[in-house]
Structures are given as structure tokens and as C-alpha cells.
Amino acid sequence: MKRSSIRHCFLVAILVSTIALVLFGIIIIELTKIGFFDNTSTTTASLNQDESQEIGTIEDNPPTIKLSGNDLVKVDDINNYVEPGFSAEDDIDGNLTDSVQTELIQENNYNYQVEYSVTDSAGNITTKTRDVRVIIGVVCLTFDDGPSKEITPQILDILEEKNVNATFFINGYSKDKEEIVKRADEEGNVIAMHGYCHEYSQIYTDINALMNNFYKLEKQIEATIGKDSKIIRFPGGTSNTISQEYCPGIMTTAVQRVTDEGYLYVDWNIDSNDAGSDANNSDAIFANVTKGLKPGRTNVVLMHDRAEKQATANALPGIIDYCLNNGYDIQVLTPETPVKSSQHHPNN
Ligand SMILES: [Zn+2]
């Protein structure tokens, strides 16, 4: 063999060894990445059949529980609760539905939780809960005279946080308040009509002025949220007597007219008095509302979200908590809501 050939072979050998070393290095890095050298993996790899089955029981995926139906179930009596169903799965043990234990936990006279728990063969425990509420009455929170930049967003924040909705009887609004109206609607609240203008001397002059005041607002609402608005509250309420100064008999005519045209007029059966002597007293507002609640009816609560109604916003979280802890379901007004007990009789 020539000397140059030997050197050639030697160089090839070095090249091949270098490539092998690099490949080995890459393999080691990849194995490290996938955790091949972690304690459990190396142990498992070196175990015989029996031992590796035992290792199988230290898998750390807990079972999963799936609840059918809603996370919150409302009943008129806790004895009428019907379990909507559940299932449990485990990646090793398979279907564990039959092993699920359920327990009814009472929080207070009206609020319960069903707790579901299941344990897999490795000892992993999974629990899930479902709320059950006993409902004795309905509350519709309503806010008049908004939207305002000062108070309405605060009220929307509170409603969102408490996961409930309200009905806003609004007046005509400037362009910079469109976003508030949109937000209220998008978050599940109802935009209802109080009339474009609130000036008694302008809207109660005759029935056409009053109706046009609703039509004008209905158009504006439709342009903002793309929905018509068929629920109304007359400024001052149906029983107001101030309209008499401008047009005797107008409220009697108005009640008939709006009903004929497919609108539902709603007054209130609980006055928070936040437009009266308790305007700046959130404790009094809270007391006025909670003392007025009655089971077995739609409790329609009158509140206001004008710019100066900070006390109302301050009272609202407590009012909502009280309702939810005392058997009252908080709902928005719809054309189907039974509102007879909240409708006032015309006094003019
Ligand atoms: Zn008003």
C-alpha cells in the first residue's frame, strides 16, 4: 500500500468516527429531552413484567368527571332535585362512572351543592361540584334614566362579576354612550324603553307626542344593537299624576295604545327609593329592596343609573347577594315575564 493511500484511509476513519460521535451526541440530547434519563423512566425500563405493572399504578393522570346538564340547577324544593347525570373516565382504569360518590351539601336554606368524587386505582381523587338553588321567587332588577358614563359601567361590572343580568329602561343617548348600550346588550342585559326624552312637559302634551317619544328611541336602539325594544316604562310610571297638568286622561289612553301596538308596559312593585329621600344612602336602598321581596311573584325593583346614583351602585352587590342567598332568581324582563303585580293603574 502506498503511503498516500494509508493516509487517505486514516482520514476517512477519523471522519466516520467524528460523524458517529456527533450522531451519538444528538441521540443523547434527544433522549434527555424526552426524559429518558429521568428516575422513573430508567427504573421502568429496567424492571421485569410484574414490577412494571406495579409502576403502572403510579401513573399520575387523575380520572375525569363529566357532568350532564347545567352547572347550576334550579328547583322549587330540594326534594324535587333530579340528578341530570354524570360520567367518569380514567386513562388506566377506564370507565369509573359506577364508582362515583355523590353528596348533597347544604350551604343555607336555599343553596346546595352536589359534590361528585371518584378515586382511581392509583389513589388519584377527582371531585366536581354542581350548584342547586331552591327558587321561591323571581327578581327583575331595573335601572331607569340611563345610560350614564359615571354609573352604568359600574353597574355592568357588578352584574358581570355576580353573573346576573338586569333590565335598563333608557332614555335617548349621545353617540359617545353607544358603547355602553352595546356592552349592556352583549352581556345579556335587556335594553328597554323609558322614552327618548324624559321632560314631562314635552312628552305628556298628547298621545302622539308620547308615542313618537317611544318610536324615536326604538329607532335609536335598533340602530345601536340591531334589536327592537318592546318593553316600556312610562316616565314617572303609569300611575303618575303630573301628566294631568299637560293632558287629562293621557295615561288611560296610553296604556291601551301601547298594549294595542304590542308593547309591554312595566312599572315596579319594589321602590328602592334611590330617587327619593334615600338617594345617597346605600344602606337604606339595600333595606328598601330586600324588605320588599315577596315569594311567588315577579319582584320588579325600581332603581336608577343616572350620573349621580353612586349610592345605588354601592348597594347593588349586597342586593344581588341577598337575592341569591334567599331563594330569589334574578332574571331580565321579557315580553313573556308575568308582570301584572308590578303594573300600576293609571291615575289620569
Ligand atoms: Zn325616569
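The values are calculated or read from the model by the stated rules, or taken from the named source; none is laboratory data. In this text, all values refer to a predicted model and were calculated from it rather than measured experimentally. We place every Cβ from the backbone using ideal geometry, glycine too, and count neighbours over all the protein chains shown. Keep in mind that these areas ignore ligands, DNA and RNA; they rest on the heavy atoms of the full protein, side chains included. Shrake-Rupley method; radii C 1.70, N 1.55, O 1.52, S 1.80 Å.
How many nm is it between the label spots at D98 and E186, if each spot is 7 Å from the Cα in line with the beta carbon?
Output for this residue pair reads 5.0 nm.
Modelling each spin label as a point 7 Å along the Cα-to-Cβ direction, I'd like the N208/E179 distance in nm, to one decimal.
So the two model labels end up 4.0 nm from each other.
So what's the gap between the Cα centers of segment 133-196 and segment 202-272, to the nearest angstrom?
With segment 133-196 and segment 202-272 each reduced to a Cα centre, they are spaced 18 Å.
Non-local amide H neighbours of I232 (under 5 Å, H modeled in plane, Pro and chain starts lacking H): which ones?
So I232 has HN proximity to M193, L264, Y265, V266.
Any idea what the dipole of segment 215-348 comes to, in debye rounded to 20, about its Cα centre with Lys/Arg Cβ at +1 and Asp/Glu Cβ at -1?
200
Where only protein heavy atoms count, and the probe is 1.4 Å, what is the accessible area per residue for segment 214-336 in Å²?
Values: 5230 Å² over 123 residues.
Using a 1.4 Å probe on heavy atoms only, each residue of segment 214-336 averages 43 Å².
Mind listing the phi-derived Karplus ³J(HN,Hα) values for segment 179-186, rounded to whole Hz, using 6.51, -1.76 and 1.60 with θ = phi - 60°, and x for any glycine or proline?
So the Karplus estimates, Gly and Pro as x, are 4, 5, 5, 4, 4, 4, 5, 4 Hz.
Given labels modelled 7 Å from the Cα in the Cβ direction, how far is it in nm from A122 to A223?
6.2
What residues have an amide H closer than 5 Å to that of F86, excluding those fewer than 5 places away on the same chain, when H is modeled at 1.01 Å from N in the peptide plane?
Distant-sequence amide H within range of F86: S68.
If you build the convex hull over the alpha carbons only and average its shadow over all orientations, what do you get for segment 129-205? Give it in nm² to one decimal.
With the hull built on Cα positions only, its mean projection is 7.0 nm².
What ³J(HN,Hα) values, in whole Hz, does the Karplus curve 6.51 cos²θ - 1.76 cosθ + 1.60 give for segment 324-336 when θ = phi - 60°, with x put for Gly and Pro?
Ordered by residue, 3J(HN,Hα) equals 5, 8, 10, x, 10, 8, 9, 10, 8, 7, 10, x, 9 Hz.
Report ³J(HN,Hα) in whole Hz for each residue of segment 213-219, in order, from the Karplus equation J = 6.51 cos²θ - 1.76 cosθ + 1.60 where θ = phi - 60°; Gly and Pro get x.
Once rounded to whole Hz, the list reads 5, 6, 4, 4, 6, 4, 4.
Carbon and sulfur: what percent of segment 289-348's accessible surface (1.4 Å probe)?
51
Give the long-range amide H neighbours of V138: residues separated by 5 or more places, or on another chain, with amide H under 5 Å away, using H modelled in the peptide plane at 1.01 Å from N.
Sorted by chain and number, the residues that satisfy this are G296, R297, N299, D329.
Considering only protein heavy atoms, what per residue accessible area in square angstrom results for segment 64-134 with a 1.4 angstrom probe?
That works out to 60 Å² for each residue.
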